[in-house]
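Structure first, commentary second.
Bear in mind these aren't lab numbers, they're just calculated from the coordinates by the rules spelled out. These figures come from a predicted structure and were not determined experimentally. All Cβ positions, even for glycine, are placed from backbone atoms using ideal geometry, and neighbour counts span all protein chains on display.
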Amino acid sequence: MKCVHVVGFGLAGALLAWELRKLDVDVSIVDLGETETSSHVAAGMITPVTGRRLKPTWRCAELTEVAHSVYGEIETAHSIELWTEWALRRVFREEVMVEWFRERLQRGEYEPLTVNEILPGFHDDVEYPFGGFSHDGVATINIPLMIETLRKTMEITALGSGGNADVTVHCTGYRAHTDELWSWLPIEPSKGEILDVTIPGLHLDHVLTNGTWLLPIGGEQYRIGATHDWDDHDPQPTEDGKRRLLHAAQQLVNRTIIVDKHRAAIRPSTKFKRPLAGFHPLDPTQAVFNGLGTKGALQAPWAAKQLARHIVLGEPLDHEIDIQRWWKL
Ligand SMILES: Cc1cc2nc3c(=O)[nH]c(=O)nc-3n(C[C@H](O)[C@H](O)[C@H](O)COP(=O)(O)OP(=O)(O)OC[C@H]3O[C@@H](n4cnc5c(N)ncnc54)[C@H](O)[C@@H]3O)c2cc1C
């Protein structure tokens, strides 16, 4: 394999290009240069516990190890800081969550995290009506900084067909949903909105969540996110999105919240919540890397490595991400 053409330079395209270059492949890249994409708007959180049912995140330990190593390589190569570690405190929204939590804890599902139950009441000024729990193992990745840094080291054009390339890899995010070549993939775009706010008098040193999270970004400033809307594919922020985020954040901290910035973008989500990677079943010159959904920061480094080695060295893809399973004629 001599030359690979990458279409789209978001999280997927940037990490794939990084892995391909490590395998000594010539990489050409085109990108539309949009500023409000999923990768630019994302909080970049990696969380080992997911969703209302408090499930351990899919293959979290294995994927976190690869993510830590790949982001670490980029940090070292470019003298930047991408990875920040956090503790997280979760506030239960309903009584039944106490049961779900205790069952999973007892079954050892959260190992090797350090997990502590929080009893109902006020803790550091925050009300836990049904209790909650704290755990470690959370990180945030500065995805925009990574993309902007890598962008400077790679030649990226706004136009180009990759005429000499052996393979073209489409890393076009939610737009693949309407691309004739890839519309058979199970991509279900989901709009996400996010706020940057100031909360006077609040000084948290951890991430706080009740489903909606509050992430410290310096001083009294926080990021609040994120909404999920599978019907609205207009990437503009909405008043309804803002209202919902503020309402959930008020339930957490019950303080004045001043909105500094409001952003929105469309995630390339899937119902089965795994990345999508591989060659087009009818055209071995076309490949795809997509489906990162809400877990891009965690899944992208591992999946990019898999796909790069599949394209260049012919190594098999993990069957859970291989798009061949979705091809039906
Ligand atoms: C509000 C919000 C919060 C989020 N928070 C988190 C989080 O905390 N943790 C987490 O892991 N994930 C989070 N995500 C999800 C994460 O952002 C995505 O998983 C990831 O960014 C997807 O990256 P991508 O490269 O596949 O897609 P995109 O970021 O959409 O990138 C696709 C790129 O391809 C370009 N492109 C498209 N079509 C073409 C074309 N025809 N030619 C050239 N270029 C093209 C686009 O301009 C874009 O640059 C969040 C998303 C949102 C919206």
For this session: With only Lys, Arg, Asp and Glu charged, each at its Cβ (+1 for the first two, -1 for the last two), find how big the charge dipole of the stretch 190-267 is about the Cα centre; round to the nearest 20 debye.
Result: 140 debye
Problem set entry | Projected label distance in nm at Glu155 and Glu95, using a 7 Å step from Cα toward the beta-carbon | 6.7 nm
Exercise. Under the rule of -39500 (n - 2.57) per DSSP H run of 4 or more residues, summed and divided by the residues of the chain, what mean residue ellipticity at 222 nm is obtained, to the nearest 500 deg cm²/dmol?
Worked result: -8500 deg cm²/dmol
For this session: Grab the Cα-Cα distance for Asp26 and Asp125, subtract it from 0.36 nm times how many residues apart they are, and report the gain in nm with one decimal.
Result: 30.2 nm
Exercise. Taking the inverse of the average 1/r across all pairs of different Cα atoms in the stretch 190-267, what Kirkwood radius in Å do you get?
Worked result: 12.5 Å
Exercise. When the Kirkwood radius is taken over all Cα pairs of the stretch 89-167, what Stokes-Einstein diffusion coefficient follows at 37 °C and 0.692 mPa s, in µm²/s?
Worked result: 196 µm²/s
Seminar exercise, completed: Over all viewing directions the Cα convex hull of the stretch 45-141 casts an average projected area in nm² of 6.8 nm²
Problem set entry | All-pairs alpha carbon distance profile, the chain, 10 Å steps from 0, percent | 5, 26, 33, 23, 10, 2, 0
For this session: Give Lys191/Lys295; Lys152/Lys271; Lys295/Lys328; Lys273/Lys305; Lys22/Lys271 a once-over and call out the pairs whose C-alpha atoms are over 23 Å from each other.
Result: Lys152/Lys271; Lys295/Lys328; Lys22/Lys271
Exercise. What ranking do Lys191, Lys55 get, fewest neighbouring Cβ atoms within 10 angstrom at the top?
Worked result: Lys55, Lys191
Problem set entry | Span-rule helices in the chain, defined as complete DSSP H runs reaching 20 Å or more along the axis (Cα) with Kyte mean at least -0.5 | 60-78, 296-313
Problem set entry | Where labels lie 7 Å past Cα in the beta-carbon direction, separation of His228 and Glu103 in nm | 1.9 nm
Seminar exercise, completed: Between the modelled labels at Lys328 and Gln221 (7 Å from Cα along Cα→Cβ) the distance in nm is 4.8 nm
